[in-house]
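Structure first, commentary second.
The values are calculated or read from the model by the stated rules, or taken from the named source; none is laboratory data. This is a predicted model, so every value here is computed, not measured. For neighbour counting, all protein chains shown are included, and Cβ atoms are generated from backbone atoms with ideal geometry for every residue, glycine included. Side chains included, ligands, DNA and RNA excluded: accessible areas come from the protein's heavy atoms. Shrake-Rupley method; radii C 1.70, N 1.55, O 1.52, S 1.80 Å.
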Amino acid sequence: MEIKITKNPNPAAKPTDESQLGFGKVFTDHMLVADWDKGIGWHDFRIEPFAPITIHPASTVLHYGVEIFEGLKAYRTADGKVQMFRPIENAKRLNSSAERLAMPTIDPEVTVECIRKLVEVDAEWVPHNEGTSLYIRPFMFADEEFLGVHGASHYRFMVILSPSGSYYKGGIAPVKIMIEDQDVRAVRGGTGYTKCGGNYAASMRAGERAEAKGYTQVLWLDGVERKYIEEVGAMNIMFKIDGKVVTPALNGSILPGITRKSIIELLHSQGVEVEERQISIDELVAAAESGKLEEVWGCGTAAVVSPVGVLMYMDKEYVINNNVIGPVTQKLYDDLTGIQWGRNEDKLGWVFPVC
Ligand SMILES: *Cc1c(COP(=O)(O)O)cnc(C)c1O
């Protein structure tokens, strides 16, 4: 597989104040594009100057939401090198999403090479400050020029890059989470386990309601009984209950997070067992009321680990660990970020060098 590179003749000035980067607002000089046509497959992998794309008004994605994406990061190490964290896992999950939406898959090795090459071309855009990274957004969409509802004859795969600031500018602060008891995000048999745009469209209303009440994100319950804990808006959720680490088992409606998987593997390698099972809201409330809910944290690529200080359910607030980060949450954050930014030894072979 060959990637044709057309260099941007007018590279933009890199942001000088990395403390102002924020998330997902600034983009680099190049993007990767590939096309899929029926009977041909994927072809014309190319890196070109970053620019708006044109799309036909009847394009499938605009009407039926046939779109999937991934999210990962490139990190700059102390010696100036650039590395990624388990990108092959993102490439495999992209295919799992593609299969569910009847979209074409891509050889995971090809996806990783596309990402690696693009990050290498724009390596100067990987920021340097503590906690900063280059956010990588691969995505795929159907864009046949036809209003019929069926698998499309043309798809596009793209990768764009966005230098991002530290998630925790003022230090790690616990967040307030609202447990949603009305809207649901996903059901088994649906698309909950995929990173498809439609899942996020369905979550917007609850997210806005939570924000208006002063909560950062929504914690979803299962779509059938609204009884079992699923996950947060863009993070999986973990608890320390009575000395044990527990997290909802993957059941088809929960997104299989790579951070979730890495935490389970990391704790396992340290001799700590993690229970993956159903956790009911009743169990959680009882644990909170009896003081056995010791720690709660969300986990995902953006925040890595995000301590939860307050959970709200049915207008009642439960404060966790006096609203300060707990020792397990802190250690997981230090261990994972240590590997990602190259401060700790990569004992589990998760680091993927870029350049
Ligand atoms: C992306 C995402 C996660 C976290 O996955 P990571 O691979 O750890 O970044 C969790 N839940 C949802 C709904 C997500 O979209």
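Those residues that are touching a Ser or Thr at 6+ places or on another chain (Cβ under 9 Å) and open to solvent by less than 70 Å² (accessible area, probe 1.4 Å), I need them from the range 43-55; list them, please. Give the steps one after another, and end with the answer.
Within the range 43-55, the subset touching a Ser or Thr at 6+ places or on another chain (Cβ under 9 Å) is 46-50.
Correct list: Arg46, Ile47, Glu48, Pro49.
So Gly300 fits all but one of (1) under 23 Å from Asn95 (Cα atoms); (2) out of contact with any helix residue (DSSP H, G or I) (no Cβ under 6 Å at 6 or more places or on another chain); (3) within 13 Å of the ligand (Cβ to nearest atom); what number is the exception?
(2)
Exactly one condition in (1) more than 12 Å from the ligand (Cβ to nearest atom); (2) closer than 28 Å to Ala201 by Cβ is false for Pro248; which is it?
Only one criterion is unmet by Pro248, namely (1).
Select from the range 1-19 the residues that are without any contact (Cβ under 8 Å) to a residue 40 or more places away in the chain and not β-branched (Val, Ile, Thr) and write down the one among them that is surrounded by the most Cβ atoms within 10 Å (Cβ to Cβ).
Ranking the qualifying residues of the range 1-19, first place goes to Pro11.
Any idea which of (1) assigned to a loop (DSSP other than H, G, I, E, B); (2) within 16 Å of the ligand (Cβ to nearest atom) is the one Leu266 doesn't satisfy?
Only one criterion in (1) assigned to a loop (DSSP other than H, G, I, E, B); (2) within 16 Å of the ligand (Cβ to nearest atom) is unmet by Leu266, namely (1).
Matching residues to (1) in a strand (DSSP E or B); (2) aliphatic (A, V, I, L, M):
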position	(1), (2)
Arg156	yes, no
Lys169	no, no
Ala186	no, yes
Tyr193	no, no
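What is the residue count in the range 224-238 for residues that are of a type outside the set (Val, Ile, Thr), out of contact with any Cys (no Cβ under 9 Å at 6 or more places or on another chain) and open to solvent by less than 20 Å² (accessible area, probe 1.4 Å)?
2
Sort out which residues of the range 239-268 are crowded, with 19+ Cβ neighbours inside 10 Å, closer than 16 Å to Asn199 by Cβ and either among the polar types (S, T, N, Q) or modelled with pLDDT under 95 (or both), and write them in order of number.
Ser253
Output the residue which, of all residues in the range 139-164 that are of a type outside the set (Val, Ile, Thr) and under 16 Å from the mean Cα position of the chain (by Cα), is most open to solvent (accessible area, probe 1.4 Å).
Per the stated criteria, the residue is Phe139.
Out of Lys38, Lys25, I need the residue that is within 25 Å of the chain's Cα centre (by Cα) and surrounded by fewer than 17 Cβ atoms within 10 Å (Cβ to Cβ). Which one?
Result of the check over Lys38, Lys25: Lys25.
Can Asp122 be described as in contact (Cβ under 8 Å) with a residue 40 or more places away in the chain and crowded, with 17+ Cβ neighbours inside 10 Å?
yes
Taking the conditions exactly as written (among the aliphatic types (A, V, I, L, M), open to solvent by less than 20 Å² (accessible area, probe 1.4 Å) and away from the ligand (no atom under 16 Å from the Cβ)), does Leu221 satisfy them or not?
When the stated conditions are applied, Leu221 does not pass them.
So which residues in the range 89-143 are under 24 Å from Asp29 (Cβ atoms) and of a type in the set (S, T, N, Q)?
Listed by number, the residues that qualify are Asn90, Thr111, Asn129, Thr132, Ser133.
Please go through the range 224-245 and pick out each residue that is of a type outside the set (A, V, I, L, M, F, W, C) and away from the ligand (no atom under 13 Å from the Cβ).
The answer is Glu225, Arg226, Lys227, Tyr228, Lys240, Asp242, Gly243, Lys244.
Among the residues of the range 177-202 satisfying the criterion of being more than 17 Å from Gly252 (Cβ to Cβ) and surrounded by fewer than 21 Cβ atoms within 10 Å (Cβ to Cβ), which is nearest to the ligand (Cβ to nearest atom)? Before the answer, list the steps.
Here is the first cut: in the range 177-202, the ones more than 17 Å from Gly252 (Cβ to Cβ) are 177-183, 197, 200-201.
From what is left, the residues that are surrounded by fewer than 21 Cβ atoms within 10 Å (Cβ to Cβ) are 181-183, 197, 200-201.
On the way: Asp181: 18, Gln182: 18, Asp183: 14, Gly197: 11, Tyr200: 7, Ala201: 13 Å.
For the range 177-202, the residue satisfying everything is Tyr200.
Checking Glu109 against (1) surrounded by fewer than 18 Cβ atoms within 10 Å (Cβ to Cβ); (2) under 28 Å from Glu208 (Cα atoms); (3) at pLDDT 95 or above: exactly one of these is not met. Which one?
Of (1) surrounded by fewer than 18 Cβ atoms within 10 Å (Cβ to Cβ); (2) under 28 Å from Glu208 (Cα atoms); (3) at pLDDT 95 or above, only one is false for Glu109: (2).
Return yes when Ile68 is within 16 Å of the ligand (Cβ to nearest atom) and touching a Cys at 6+ places or on another chain (Cβ under 8 Å) and no when it is not.
Against the criterion (within 16 Å of the ligand (Cβ to nearest atom) and touching a Cys at 6+ places or on another chain (Cβ under 8 Å)), Ile68 qualifies.
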